[in-house]
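Okay, so here's the structure we're looking at.
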Amino acid sequence: MTQFSEPFYLKNLKLRNNIFYAPIAGVSDLAYRRMSHLFEPGLQFCEMVKMEALIRKDSGTYDYLTYDDFMHPIGAQICGSNPKLAKEAAKIIEDLGFDVLDLNCGCPAPKITKDGSGSAMLHTPEKIGEILSNMVQAVKIPVTVKVRLGWNQEKIVVHSLVKIAEDAGASLITIHGRTKQQGYSGKASWLEIKECKALAKTIKVFGNGDVVDAQSAHDMFSTTNCDGIMVARGTFGKPYLAQEIKSFYAGNSLKTTLEESLNYMKQHFEKILEVEKDKRALFSMKRVGCYYLKGFPGAKKIREKIMKSTSAEEVLIHLP
Ligand SMILES: Cc1cc2nc3c(=O)[nH]c(=O)nc-3n(C[C@H](O)[C@H](O)[C@H](O)COP(=O)(O)O)c2cc1C
């Protein structure tokens, strides 16, 4: 049975382990990645970018792809539905120094699906193959794909995607155990992840959905036999999730206290201030702060103070 493993290989690329932090639009920004890096996930991703925006050199798009040298190996995720542009976009990502390139076939946002990208790609599995194949031909770095089970319960296509991605030369398929129609609600279904892992010949299969702590990570491994896991929401306010899972497999259990969580939150705030200023920094601190304090009964007062703050400086004054 596959389990947590150190190291882990994607093609010839040696990674620390098989716990990956997902691309998360609006969350996996530079400050988040600087914070997450401290706890050594096997790989982390920048926020998703559109192929078209990369090619027309949209500066905001390139801002999303800023990373520090120490973050290597680092992944980028692109979305789009035009096979020709996929080639060009893939090359740009490789030239920017990324170590892994992922194709998004799971984003349910209407602004992405309206032109057939993201989860709308699940309507045309053969096109996913064509795009992946073009990406693989364009670059030397490992090409991966992140998918959902299908558009809705009546149109589950994920099993066919395993072979399609494998034939296209992709190194990894990450499966989010929900349909597009489910969005992010309800419980993720891990059954299809298990079935896909059993179908896979050469391609690695990662499980994604509802892994939030060491126990659920272990459950994902043992239920599905997946080659690795990708975590998203479980890292919100818990950049140490990878550490928690590693400790579990080393026979220790990590129990984070409010004091430790406040300390991590402070470090994250400092990293926000390294990249953002004024109102933007304040907004980010409020967004991030809530997560670090969630679930700690003693945190109500400090949460209120952060939420009422009118400047980043005021937030810092309120920290113990
Ligand atoms: C706010 C938010 C933004 C997301 N952005 C992306 C994205 O840009 N690319 C992607 O592949 N998945 C994205 N996802 C999906 C997650 O990567 C993941 O598949 C999903 O949340 C299920 O995993 P989890 O239960 O560990 O959160 C996003 C999820 C959330 C909640």
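The values are calculated or read from the model by the stated rules, or taken from the named source; none is laboratory data. This one's a predicted model, so the numbers in the text were calculated from it and none came from an experiment. Cβ: placed from backbone, ideal geometry, glycine included. Neighbour counts: every protein chain shown. Ligands, DNA and RNA are stripped out before the accessible areas are found, and what is left, the full protein with its side chains, is counted by its heavy atoms. Shrake-Rupley method; radii C 1.70, N 1.55, O 1.52, S 1.80 Å.
Sorting Ile93, Ile24 by solvent-accessible area of protein heavy atoms yields Ile24, Ile93, largest first, with a 1.4 Å probe. Just checking the listed ones, Val212, Val147, Val231: in the Gaussian network model of the chain with Cα springs under 10 Å, the one fluctuating most is Val212.
Once neighbouring chains are kept in place and the probe is 1.4 Å, which whole percent of the accessible area of the range 245-303 is contributed by carbon and sulfur? Before the final figure, lay out the partial values.
On the way: 1960 of 3680 Å².
Here it works out to 53 percent.
Based on Cα contacts under 8 Å between residues 6+ apart, the range 53-157 shows a relative contact order of 28 percent. Which entries of Lys127/Lys180; Lys187/Lys294; Lys114/Lys271; Lys91/Lys286; Lys91/Lys238 show an alpha-carbon separation above 27 angstrom in the structure shown? Over 27 Å Cα-Cα: Lys114/Lys271; Lys91/Lys286; Lys91/Lys238.
The heavy atoms of Lys11 present about 110 square angstrom of accessible area, all protein chains included, probe 1.4 Å. Highest mobility in the GNM of the chain, judged by mean-square fluctuation with C-alpha springs under 10 Å and restricted to Gly234, Gly129, Gly251, is found for Gly251.
Convex hull volume per residue, computed on the Cα atoms of the range 73-180, equals 87 Å³. When Arg287, Arg280 are compared by accessible surface with a 1.4 Å probe, the order from highest to lowest is Arg280, Arg287. Residue by residue, the range 294-310 carries 3J(HN,Hα) couplings of 4, x, 9, x, x, 9, 4, 4, 5, 4, 4, 5, 5, 5, 8, 5, 10 Hz when phi is fed to the Karplus relation 6.51 cos²θ - 1.76 cosθ + 1.60 (θ = phi - 60°); x denotes Gly or Pro. Along the charge dipole of the chain, Cβ charges K/R +1 and D/E -1, which of Ile112, Ser253, Asn225 sits furthest on the positive end? Selected residue: Ile112.
Amide hydrogen proximity for Ile74: with H placed 1.01 Å from N in the peptide plane, the residues at 5 or more positions away or on another chain lying under 5 Å are Asp99, Val100. Within the listed set Lys197, Lys266, Lys279, the Gaussian network model of the chain (springs between alpha-carbon atoms below 10 Å) gives the highest mean-square fluctuation for Lys279.
Using a probe of 1.4 angstrom and keeping all protein chains present, the accessible surface of the chain works out to 44 square angstrom per residue. Surface listing: Asp102, Asp115 arranged by accessible area from highest to lowest gives Asp115, Asp102, probe 1.4 Å.
Using only DSSP helix segments of four residues or longer, with each worth -39500 (n - 2.57), what per-residue ellipticity at 222 nm results for the chain after dividing by its residue count and rounding to 500?
Details: 14 runs with 140 residues, N = 320.
Per the formula, -13000 deg cm²/dmol.
In this structure, the amide hydrogen of Trp151, modeled 1.01 Å from its nitrogen in the peptide plane, lies closer than 5 angstrom to those of Val157, Lys180, counting only residues at least 5 positions away or on a different chain. Every Cα-Cα pair of the range 14-81 was included, and the share exceeding 16 Å stands at 44 percent. The accessible area of Ile317, taken with all protein chains in place and a 1.4 Å probe, comes to roughly 130 Å². Counting only heavy atoms of the protein chains and using a 1.4 Å probe, Ser222 has close to 50 Å² of accessible surface. Counted over all Cα-Cα pairs of the chain, pairs farther apart than 33 Å make up 24 percent. Across the range 243-259, coupling constants 3J(HN,Hα) worked out from phi with the 6.51/-1.76/1.60 Karplus curve, θ = phi - 60°, read 5, 4, 5, 4, 4, 4, 6, 8, x, 10, 10, 9, 10, 7, 8, 4, 4 Hz, and Gly and Pro carry x.
With semi-axes defined as the square roots of five times the eigenvalues of the C-alpha gyration tensor, the equivalent ellipsoid of the range 190-248 measures 22, 10, 10 Å, largest first. What the Cα convex hull of the range 140-267 gives, in volume per residue, is 132 Å³.
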